[in-house]
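The values are calculated or read from the model by the stated rules, or taken from the named source; none is laboratory data. What you are looking at is a predicted structure, and each value in this text was computed from that prediction instead of being measured. As a convention, Cβ positions derive from the backbone with ideal geometry for all residues, glycine included, and neighbour counts pool all protein chains shown.
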């Protein structure tokens with residue numbers, strides 16, 4: 001793309017504790033021409049998600065970390081500008097893990113087409129994308145909810161949490177959300193229809209769970225870990241299921257956080273705790289997307305996005321998310337269609 | 001039973017931390033006559049098991065605690081001496097939760113007959129009783145082992161652990177046991193056929209697990225909790241199953257033990273951790289007993305008992321078990337047949 005410039009955000013240093021802006025660098029380079037079989041994509045939307053913190057660390061995990069100087073991992077929605085691949089043509093909208101950059105080249109194997117008529121394009125990164133699939137399959141397949149169950153969700157106003165609570169309601173469960181601050185709590189209770197909201201910044205979480213879940217917690221969908229999870233474990237119902245989706249409270253710790261060893265709560269309640277990664281359900285994403293799209297159309301599911309303008313603001317927005325400052329699915333608008 | 005004396009061990013005080021002998025009292029009383037429908041039983045064998053520590057505590061658990069002055073909970077095998085119940089006759093051998101006492105009265109609903117020709121009577125408290133069922137169903141139904149899996153067992157020479165490792169071998173798994181001391185390690189490796197033994201008193205458990213389980217741990221059968229479990233969690237394989245059977249390292253702590261919050265290991269490995277109580281499998285005990293009895297007969301399963309003589313020695317033996325001093329299934333021989 002003659003004259004166009006790719007702006008990419010790279011990992012300047014591995015964050016120690018919470019990431020800071022100096023851990024990121026903005027690098028500019030000419031946009032390359034796509035080679036044989038390749039596709040050139042202009043980024044429109046970038047998704048910011050907690051899992052990206054893990055990729056910035058060298059610690060052993062399920063995925064290879066980003067190298068120093070490498071583009072930060074991230075899902076994007078973009079527009080095909082040039083294509084040497086018969087499966088894509090200029091003007092197609094696509095989604096894929098192409099990173100924090102304004103242009104990207106793909107061989108076509110790591111992108112999928114997005115239908116712009118189905119829903120706003122950026123939902124392919126949120127409610128109809130990875131966070132949506134995470135909520136749908138994690139809750140239903142790992143949490144095994146049954147009607148009448150009491151379901152507790154941490155980070156309940158986030159990209160994943162807001163959907164879990166609403167699916168719980170659709171299934172006839174009671175949904176109790178934990179979120180930070182009165183605004184988020186009012187949103188999940190009054191706008192999304194959660195049965196109760198607990199403000200972890202303003203009240204004693206353990207006492208609030210006991211009050212809102214007098215028969216115990218049947219399903220706990222955990223996005224945060226730490227003291228909030230500790231409080232929920234003390235209130236499990238018999239045969240409870242704990243879905244370990246995220247542990248954001250632990251991602252930015254320099255030294256491991258200490259807490260009481262509490263596996264005894266699993267024993268006495270005959271409870272199950274299970275971690276999952278959404279990829280294990282990849283062959284069923286289409287089913288999940290159809291269901292969620294149907295619920296949105298019927299007005300049974302709402303969602304909230306938190307949009308930041310400009311790729312250069314991605315690091316600051318990401319750091320804010322680690323501190324719980326986002327309100328809904330966090331997106332960076334990189335360019336207009 | 002005219003002139004007979006019932007000796008019973010009661011809870012004198014709720015233990016703080018490790019139990020001490022003064023937390024127990026020996027009380028003598030005349031043996032009562034059985035009422036209508038009742039059975040009078042003379043205790044032959046008393047089972048000492050880690051779960052009994054929980055019953056001495058007032059903390060919320062799955063079962064009601066023993067009252068101060070009450071007889072300590074425990075499984076026994078005894079002989080029916082008088083019966084006013086048509087289902088039992090004098091001379092029958094029975095097993096039931098009749099407590100730490102030399103005589104007991106039952107209405108017949110909480111005891112089952114034991115066949116003295118099937119196996120030595122006391123196996124109804126061990127390999128063919130509650131510990132055997134715990135190993136059999138907990139490992140197979142919660143651990144879901146597959147041939148070729150690497151299985152790690154803590155408290156591997158104990159009543160439950162020794163059986164889990166041998167069933168793992170029968171199923172074509174590799175069995176790695178963790179036990180305290182060279183004698184116990186030699187026993188599980190050389191006598192029971194475990195593939196490897198780790199001496200938690202003599203070596204770095206985390207490093208030893210990594211060495212003996214180079215592809216990670218597929219199933220961890222946990223009887224102990226604490227630092228040993230922490231070390232195993234760092235070595236889980238993808239899609240591992242952790243069976244929470246017991247947490248003996250935590251039962252005698254005055255204040256909760258602190259450890260690193262490590263649910264992240266479940267997340268990145270997509271692993272499951274589940275607590276269970278053997279009672280959930282009660283309707284299938286007969287199946288379990290038949291299978292284990294068959295394996296004993298075929299010489300595929302061995303077991304070891306640690307026998308203490310005299311009811312008066314039960315408290316001291318129980319305290320020793322909390323410290324890992326027993327070697328095999330701990331039993332008190334209360335009377336001769």
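Structure data summary
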item	result
Failed condition for residue A:128, given (1) touching a strand residue (DSSP E or B) at 6+ places or on another chain (Cβ under 6 Å); (2) surrounded by 19 or more Cβ atoms within 10 Å (Cβ to Cβ)	(1)
In region A:229-243, the residues that are at the interface with chain B (Cβ under 9 Å from one of its Cβ atoms) and closer than 17 Å to residue A:175 by Cα	A:229, A:242
Qualifying residue in region B:277-297 (condition: surrounded by fewer than 14 Cβ atoms within 10 Å (Cβ to Cβ), in contact (Cβ under 8 Å) with a residue 24 or more places away in the chain, on the phi < 0 side of the Ramachandran plot and within 16 Å of the chain's Cα centre (by Cα))	no
Breaking point among (1) more than 30 Å from residue B:38 (Cβ to Cβ); (2) modelled with pLDDT under 95, for residue B:119	(1)
Pairs with Cβ under 9 Å, 6+ apart, first in region B:187-204 and free of Cβ contacts under 8 Å to residues at least 12 places away in the same chain, second not in a helix (DSSP H, G or I)	B:190/B:197
Hits in region B:218-228 (condition: part of a strand (DSSP E or B) and either facing chain A (nearest Cβ under 9 Å) or in contact with a helix residue (DSSP H, G or I) (Cβ under 6 Å, 6 or more places away or on another chain) (or both))	B:220, B:221, B:222
Listing of helices (runs of 4 or more DSSP H) fully contained in region B:259-337 that carry 2 or more residues being away from chain A (no Cβ under 14 Å)	B:285-297, B:314-322
Close pairs (9 angstrom Cβ cut-off, 6 or more residues apart or separate chains): in the same structural domain as residue A:77 (by TED's automatic domain parsing) and within 24 Å of residue A:10 (Cβ to Cβ) in region A:316-337, at pLDDT below 95 and part of a helix (DSSP H, G or I) anywhere	A:321/A:248; A:322/A:248
Residue count, region B:244-258 (criterion: touching a helix residue (DSSP H, G or I) at 6+ places or on another chain (Cβ under 8 Å), farther than 22 Å from residue B:168 by Cα, at the interface with another protein chain (Cβ under 7 Å from one of its Cβ atoms) and not in a loop (DSSP other than H, G, I, E, B))	1
Of the criteria (1) over 14 Å from residue A:222 (Cα atoms); (2) within 17 Å of the chain's Cα centre (by Cα), which one residue A:199 fails	(2)
Which numbered condition residue B:252 misses (of (1) crowded, with 24+ Cβ neighbours inside 10 Å; (2) assigned by TED's automatic domain parsing to the domain that holds residue B:161; (3) farther than 23 Å from residue A:253 by Cβ)	(1)
